[in-house]
1. Have a look at 277, 247, 234 and point out the one that is within 24 Å of residue 445 (Cα to Cα), touching a residue at least 24 places away in the same chain (Cβ under 8 Å) and surrounded by fewer than 19 Cβ atoms within 10 Å (Cβ to Cβ).
2. Taking residue 389, is it out of contact with any helix residue (DSSP H, G or I) (no Cβ under 7 Å at 6 or more places or on another chain) and either at pLDDT below 95 or not in a loop (DSSP other than H, G, I, E, B) (or both)?
3. Could you tell me which of the residues 55, 48, 88 is within 56 Å of the chain's Cα centre (by Cα) and more than 21 Å from residue 332 (Cβ to Cβ)?
4. Test residue 435 against the criterion of being touching a residue at least 40 places away in the same chain (Cβ under 8 Å), over 30 Å from residue 265 (Cβ atoms) and assigned by TED's automatic domain parsing to the domain that holds residue 402, and give yes or no.
5. Can you name every residue in the stretch 14-43 that is in a strand (DSSP E or B) and over 21 Å from residue 87 (Cβ atoms)?
6. Taking the stretch 310-325 as the region of interest, how many residues are free of Cβ contacts under 8 Å to residues at least 12 places away in the same chain and either under 17 Å from residue 300 (Cα atoms) or touching a helix residue (DSSP H, G or I) at 6+ places or on another chain (Cβ under 8 Å) (or both)?
């Protein structure tokens, strides 16, 4: 390849720990947009015994500068020594050394982390990563407004891979601007960030082996590559579950038959369709970026990735124009004996470039970490709270690998909790509480998309029934304080099967239609307070056995309608106190047998109108002392006559009236009253109290020992 001899010898500025007598003899290196540069320097110590003091351990990691001569002065390169090799000393007491030079960004391959960034753009995250490591030689010039990332995780990932991945996802490119004493990482996203190199206009020369002392383009080969004609992607946002997230964009590259080919991807990693429109444009630009690439060769020392130049004097005028360098491979050799003949420098490069109107979009080659399987984490929230959730029953957690979290409400984003079933205002709801250990899965294995699948016990969070494999239980814990609980428990031990339900305070049962309860054995109900029943319709009750009811206080019963009572057998009632009966209407009683009424005290009977007593056979009225019949008119009537006493006097009328003559008093049967049978009362069996369960404890919320 034709080369240039113009300029001073190769120059190197070694770290202070190295003798200044080392000379740069050869260099090989490659630079590329959005890739780390790497140079290999061959250094010579010419008959210098002081090089014996070189300690490679003191050189690796140190900055180094070197340069290639040009007519205007040296073209500088700068980097960090990543590897230093000490060679053997030859017969002439010359010793060769090799140094591998990389950018400071390369050092980020030697540090990794697990941490969470919230509510930051990719640019802010990248800045924080650099500054946390003490690197400030960077310039970020991004024109687009990047979306803030609610939750972005670096998981078991080198810092270099992490920032590279973010830049690739956002379509940000980077290159290095070399100076004499430092190199600056420049990050951009538009063509305005392209800078013009010192050799801003380069003519094309096909010199075929002739050495040129002027910077020229020595080879030029344009390559076109087939690319897909369309990019489509979609995603899903649970906050807008019915919204279409599909975005599609066709290529602007006019390649025959390309438009019928499409890349389709999911998930697109965006939460709104407008964001997806911007991202699908980035993906299409990434696809189109190297559709039209030039491979060339040059002797210009100033060609550098991220810098542009104008091609002139090409045989085909259509090739002339402005191009942005995407990669350069440098070769420089200093031949001759520096001490005896002086140096002679030879330099050449090969490069790739694209039209400068094309925005460089880096290929997404950095893999995003994938979490295989599930992890566990601790539920967190504000200090002093036991439950921390939102309207979607989401929670926040702290992962065991998160060493920056403070076990508070800022430890993670809101994370959805998988339930047994989740409907529209119906389903299952059980929200893990602060301090509990939960099982976290990740959608598509993406650390940025956690999903809580359940919870697990540990020695601080024991189960409600430790070791009881026959018990299925749902037990809550009263909050705040944990002094009570609600519980639903099933004991499946054969022969002792049991269903247990416990309400710490109130229990409400709402049945919209029928309720059927069947108890095949005894039922025990204990109400330690008041009991209230309200029946809006009819009430039907059948007791196929004896009923024993004991009321320790007063009983008040009010019927708003008729009361019908049918007793198939005997009825016995015992009232130890008084009995009062008030009837607003008629009182009708029919007794097919005898009626006995025995009164230990007075008997008073008063009728507001008429009073009639009739016996089918005999009637007998007897008092122990006096009997007084009082009325306005009294009539005593028999078969042979009557006696009337009225205000006019006493009238006696009969077929034959005898006074103190003949006849005899007909004896009465007397009053024989059978004493009623005493009402039988059997003490009702006492209701057995239901079993009681032990109340759980609040989850551990003191994380001071973990801080």
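The values are calculated or read from the model by the stated rules, or taken from the named source; none is laboratory data. Bear in mind the structure is a predicted one, so any value in this text is a computation, not a measurement. Ideal geometry is used to build each Cβ from the backbone, glycine not excepted, and the neighbour counts take in all protein chains shown.
1. Result of the check over 277, 247, 234: 234.
2. no
3. Matching residue, one of 55, 48, 88: 55.
4. yes
5. Hits for the stretch 14-43 are 30, 31, 32, 35, 36, 37.
6. Residues in the stretch 310-325 being free of Cβ contacts under 8 Å to residues at least 12 places away in the same chain and either under 17 Å from residue 300 (Cα atoms) or touching a helix residue (DSSP H, G or I) at 6+ places or on another chain (Cβ under 8 Å) (or both): 0 in total.
This table checks each residue for (1) surrounded by 10 or more Cβ atoms within 10 Å (Cβ to Cβ); (2) touching a helix residue (DSSP H, G or I) at 6+ places or on another chain (Cβ under 7 Å); (3) modelled with pLDDT under 85.
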site	(1), (2), (3)
563	no, no, yes
571	no, no, yes
580	no, no, yes
587	no, no, yes
596	yes, no, yes
602	no, no, no
611	no, no, yes
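Here's the yes/no breakdown for (1) surrounded by fewer than 16 Cβ atoms within 10 Å (Cβ to Cβ); (2) within 18 Å of residue 25 (Cα to Cα):
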position	(1), (2)
41	no, yes
48	no, yes
57	yes, no
63	no, no
73	yes, no
79	no, yes
85	yes, yes
88	yes, yes
99	no, yes
